[in-house]
Each structure stands twice: as structure tokens, then as C-alpha cells.
Amino acid sequence: MTATPPLSRLLPRRRTVLRALFALAVSAFTGGTLAHVATTPGAGAGRTGEPRAGGPGGGFDEMYRGRRIQGRPVPGARFDVRVDGRPLHLMRCADGGYLTPVDHYASYPTPLAAARGAVDEMGSARLALGAHHGVRP
């Protein structure tokens with residue numbers, strides 16, 4: 001007669017079950033996120049050509065709340081934005097939008113919208129020279 005193994009050896013261990021559930025959840029979340037990014041209109045705009053801008057020819061120059069904001073595309077799918085002649089650094093988001101050092105918490109769809117958002121947040125303060133990552137004043 002053959003001896004049957006104890007029940008504890010036949011059932012999967014809790015750690016194995018938790019690992020499998022975790023792997024399933026991670027793969028489902030990753031797949032859902034990738035599907036969302038792939039089907040979002042405008043996702044990745046500016047990566048192969050010029051960045052999206054707010055004016056004709058890709059640049060802008062306007063007065064907004066008493067501040068002069070200017071922007072122009074520069075080589076490398078980047079944008080040079082200035083507020084009252086001082087540089088405003090823009091950072092690209094994964095969703096194709098832009099962040100500024102003035103407000104890291106809001107993503108803006110265009111460089112012009114990002115510049116306007118920075119002006120709104122700054123109020124009457126001036127933009128510091130060299131106020132972006134990796135540059136010392």
C-alpha cells in the first residue's frame with residue numbers, strides 16, 4: 001500500500017498563492033495602463049516632431065496678467081519659454097503634457113498653458129534666474 005502525503009503538502013502554500021495573485025494584479029494593471037496610453041488621443045505628441053504650442057508657427061508671444069510670456073520651439077522637441085525675459089523650465093510628462101518648477105502638481109497640455117499656469121501661481125513674485133533642475137544661479 002502506498003502512503004498518501006499529508007494534506008499540507010497537497011495544498012499550495014499561502015506564499016505561493018499570494019505571489020501568483022500579486023503577479024496577476026501587476027500584469028493586469030500594466031496591461032490596462034498601456035492600453036489607456038495607446039488609445040489616448042495626442043499621447044506622445046511632440047516626440048517625433050515639434051512640441052505642441054499655443055500659437056501659429058509653434059511659438060507664442062503675449063501679455064498675460066501683466067506679464068510677457070514668450071515661447072518658441074528649439075531643436076530636440078523642446079520649448080524655450082520665458083516670463084518677463086527670464087527662462088521658465090518645462091518638463092515633459094508621460095501623458096504628453098508639461099510641468100513647471102513653479103507648480104509640480106499640475107500638468108498642462110501646451111507650453112503656453114504651462115506658462116500661464118506658472119504666472120497664475122507666481123502672483124507678483126519674479127521668476128528666479130536658473131530656477132530649474134541642474135542649474136545653479
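Across segment 85-97, computed HN-Hα scalar couplings (Karplus, 6.51 cos²θ - 1.76 cosθ + 1.60, θ = phi - 60°) run x, 9, x, 10, 6, 10, 10, 7, 9, 5, 7, x, x Hz from first to last residue, x flagging Gly and Pro.
The amide H of G96, built 1.01 Å from its N in the peptide plane, has G44 as neighbours under 5 Å, considering only residues 5 or more places off or on other chains.
Protection proxy ranking for 58-71, 108-121, using the average of other Cβ atoms within 10 Å per residue and placing the highest first: 108-121, 58-71.
State whether segment 56-122 is rounded, prolate or oblate according to the following rule on the C-alpha gyration tensor (a ≥ b ≥ c being the square roots of its eigenvalues): a/c under 1.5 gives rounded; otherwise a/b larger than b/c gives prolate, and the remaining case gives oblate. Verdict is oblate for segment 56-122. Summing Lys and Arg as +1 and Asp and Glu as -1 over all other residues whose Cβ lies under 14 Å from the Cβ of R126 gives a net charge of +3. The length gained on full extension between M63 and A94, counted as 0.36 nm times the residue separation minus their Cα-Cα distance, comes to 8.2 nm. Backbone geometry of segment 104-119 corresponds, through the Karplus equation with coefficients 6.51, -1.76 and 1.60 at θ = phi - 60°, to 3J(HN,Hα) couplings of 6, 9, 10, 9, 10, x, 9, x, 5, 5, 5, 5, 5, x, 5, 5 Hz, x marking Gly and Pro.
The stretch between D103 and L18, if pulled fully straight at 0.36 nm per residue, gains 26.6 nm over its current Cα-Cα span.
FYI, it's all coordinate maths here, none of it is from the lab. Remember, it's a predicted structure, so these values are computed and weren't measured experimentally. So basically every Cβ, Gly included, is an ideal-geometry build from the backbone, and we count neighbours across all protein chains shown.
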